[in-house]
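The structure appears below as structure tokens.
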Amino acid sequence: MTQQHLAAAVRSLMPRAKADLAELVAFPSVADPRQFPVEECEKAARWVADALTAEGLTGVRLLDTPDDTQSVYAELPGPAGAPTVLLYSHYDVQPPLDENAWLSPPFELTERDGRWYGRGAADCKGNILMHLTALRALREVDGGLPVGLKVIVEGSEEQGTGGLERYAEAHPELLTADAIVIGDTGNFAAGLPTVTASLRGMTVVEVALTTLAGNLHSGAFGGAAPDALQAMVRLLATLHDEHGDVAVAGLTADQVWPGVQYDEPQFREDAKVLDGVALTGTGTVADRLWARPSVTVLGIDAPPVIGATSSVQASARALVSLRIPPGMELKAAQQALTAHLEAAVPWGAQAEITVLSGGEAFSADITGPAYEAMGEAMREAFGREMVASGEGGSIPLCNTLRRLYPQAEIVLIGVEEPTTQIHAVNESVDPQELERMALTEALFLRTYARLRSA
């Protein structure tokens with residue numbers, strides 16, 4: 001059957017994809033029992049398992065991973081001599097943040113201005129539907145799959161607790177494949193077919209400062225008593241120079257991105273930067289996003305403005321994230337960050353600096369047959385040549401898979417694009433991107449099987 005038959009099949013499946021995505025988004029599957037009941041993740045895992053079973057996959061089961069979450073596994077043997085492809089995604093989502101800031105309920109898929117809104121609509125439940133729609137279209141048009149298939153859908157990717165990584169290390173035979181398609185990224189721009197060639201690594205540290213035995217009246221003691229919150233502000237300000245570049249000794253911040261560039265006006269529009277507000281850092285936008293380290297203060301424990309008292313604060317805490325580009329070693333970066341923080345603590349404040357998590361950067365080899373097949377599939381699906389971009393986010397599993405299966409090609413794609421606002425309020429997915437990417441994946445499986453058998 002031709003590409004046109006497959007495209008028509010994918011298009012006819014889009015109403016079903018929307019209905020399925022609505023069911024899946026309805027589960028508030030945040031893998032943090034402090035925020036949402038663990039049963040919501042369990043129900044989402046069961047939904048994924050049932051959907052894979054309905055598509056004829058075998059060996060469908062829930063894997064209890066070491067971080068007390070569940071991943072969903074399924075497989076389907078392919079024709080004799082066919083390569084095996086592993087499809088990955090995750091069903092857990094970020095918390096909704098301020099639900100009052102959403103224009104529609106975060107866990108209710110809502111169509112507005114041609115987009116589908118809901119937490120996880122793009123990251124990463126939309127990518128689960130990309131996988132399912134591709135498989136459904138191939139079954140409908142070709143009567144089956146041209147490759148051996150494995151599917152793994154993780155339950156705690158957003159929390160970074162490493163459950164699936166540790167499970168894979170203990171069961172290395174489970175996920176072995178010739179090609180691994182990571183459905184957790186997206187296109188550089190809507191309508192521009194993109195593979196993600198690199199991922200920054202990440203580490204998160206918690207900084208706690210204490211200066212007093214207890215809070216003091218700011219009128220009686222302010223001006224001489226060391227305020228822990230003020231100390232924290234001064235400490236965090238040392239992490240960047242006057243341009244906004246990272247100013248941590250040992251973290252090189254002058255690398256250059258050699259691939260596709262990110263036009264600054266387009267970035268300002270995508271990031272919704274307010275008029276008159278300057279971007280931070282130097283170099284091109286692509287340099288800053290994909291080739292250089294970045295430091296972000298994720299949170300500060302401080303009294304809220306409403307209800308604040310006239311007090312000198314005795315203690316303060318902050319959560320600091322460091323994104324690490326390829327070529328920079330995780331341990332060295334962690335040591336540089338913690339050494340900087342320890343040395344910059346003002347006024348002799350008592351400091352406790354704790355490394356909470358970390359993952360290495362990832363860089364893909366894009367020269368193999370899987371990338372050749374993906375390029376051909378994207379050209380057919382989008383009518384444009386595939387480009388390779390970087391990604392500022394992190395997927396720690398990628399390095400685990402590369403270490404366990406060095407012979408496998410790892411290809412990162414997905415339904416996300418800059419306007420999806422993943423991890424933010426009013427997350428959405430463009431159904432046209434979902435349709436094109438589902439077609440891309442179906443064409444890829446066909447093409448990869450052909451290239452590997454040639």
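The values are calculated or read from the model by the stated rules, or taken from the named source; none is laboratory data. What you are looking at is a predicted structure, and each value in this text was computed from that prediction instead of being measured. Backbone-built Cβ (ideal geometry, glycine too); neighbour counts: all protein chains shown. Ligands, DNA and RNA are stripped out before the accessible areas are found, and what is left, the full protein with its side chains, is counted by its heavy atoms. Shrake-Rupley method; radii C 1.70, N 1.55, O 1.52, S 1.80 Å.
Which ranges mark the strands (runs of 3 or more DSSP E) fully within region 20-139 that have 2 or more residues being buried (at least 17 other Cβ atoms within 10 Å of the Cβ)?
58-64, 70-76, 84-90, 115-117
Within region 382-407, take every residue that is among the polar types (S, T, N, Q) and either open to solvent by 20 Å² or more (accessible area, probe 1.4 Å) or outside any strand (DSSP E or B) (or both) and give me the one that is farthest from residue 185 (Cα to Cα).
Result: 407.
Quick one: is residue 19 among the aliphatic types (A, V, I, L, M), more than 21 Å from residue 132 (Cβ to Cβ) and free of Cβ contacts under 8 Å to residues at least 24 places away in the same chain?
No, not satisfied.
Which members of region 1-11 meet the condition of being touching a residue at least 24 places away in the same chain (Cβ under 8 Å), assigned to a helix (DSSP H, G or I) and open to solvent by 70 Å² or more (accessible area, probe 1.4 Å)?
If the condition is that a residue be touching a residue at least 24 places away in the same chain (Cβ under 8 Å), assigned to a helix (DSSP H, G or I) and open to solvent by 70 Å² or more (accessible area, probe 1.4 Å), then 5, 11 are the ones that fit.
Look at residue 259 and say whether it is on the phi > 0 side of the Ramachandran plot and not β-branched (Val, Ile, Thr).
no
Counting only residues that are touching a His at 6+ places or on another chain (Cβ under 8 Å), open to solvent by 10 Å² or more (accessible area, probe 1.4 Å) and closer than 19 Å to residue 82 by Cα, how many does region 142-176 have?
Total meeting the criteria: 0.
Kindly indicate whether residue 367 is over 21 Å from the mean Cα position of the chain (by Cα) and among the polar types (S, T, N, Q).
Yes, satisfied.
Of these, 194, 203, which one is buried (at least 20 other Cβ atoms within 10 Å of the Cβ) and at pLDDT 95 or above?
194
Of all the residues that make up region 175-214, how many are within 15 Å of residue 157 (Cβ to Cβ) and over 19 Å from the mean Cα position of the chain (by Cα)?
Summing the residues that are within 15 Å of residue 157 (Cβ to Cβ) and over 19 Å from the mean Cα position of the chain (by Cα) in region 175-214 gives 1.
May I ask you to list pairs of residues, at least six apart or on different chains, whose Cβ atoms are under 7 Å apart, with the first in region 219-233 being touching a residue at least 60 places away in the same chain (Cβ under 8 Å) and the second being part of a helix (DSSP H, G or I) and open to solvent by 70 Å² or more (accessible area, probe 1.4 Å)?
Close Cβ pairs satisfying both conditions: 226/347; 231/347.
Can you pull out the strands (runs of 3 or more DSSP E) entirely within region 257-373 that have at least 2 residues that are within 16 Å of residue 392 (Cβ to Cβ), at pLDDT 95 or above and open to solvent by 20 Å² or more (accessible area, probe 1.4 Å)?
294-301
Where residues in region 217-256 are within 22 Å of residue 205 (Cβ to Cβ) and open to solvent by 90 Å² or more (accessible area, probe 1.4 Å), which of them is nearest to the chain's Cα centre (by Cα)?
234
Consider region 282-321. How many of its residues are under 18 Å from residue 346 (Cα atoms) and touching a Phe, Trp or Tyr at 6+ places or on another chain (Cβ under 8 Å)?
Counting residues in region 282-321 that are under 18 Å from residue 346 (Cα atoms) and touching a Phe, Trp or Tyr at 6+ places or on another chain (Cβ under 8 Å) gives 1.
So how many residues does region 408-438 have that are closer than 18 Å to residue 22 by Cβ, in a helix (DSSP H, G or I) and over 13 Å from the mean Cα position of the chain (by Cα)?
6
Yes/no per residue for (1) in contact with a Gly (Cβ under 8 Å, 6 or more places away or on another chain); (2) among the small types (Gly, Ala, Ser); (3) under 19 Å from residue 389 (Cα atoms); (4) free of Cβ contacts under 8 Å to residues at least 60 places away in the same chain:
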position: 257; (1), (2), (3), (4): yes, no, yes, no
position: 261; (1), (2), (3), (4): no, no, yes, yes
position: 270; (1), (2), (3), (4): no, no, yes, no
position: 285; (1), (2), (3), (4): no, no, yes, yes
position: 295; (1), (2), (3), (4): no, no, no, yes
position: 310; (1), (2), (3), (4): yes, yes, no, no
position: 318; (1), (2), (3), (4): yes, yes, no, no
position: 324; (1), (2), (3), (4): yes, no, yes, no
position: 330; (1), (2), (3), (4): yes, no, no, no
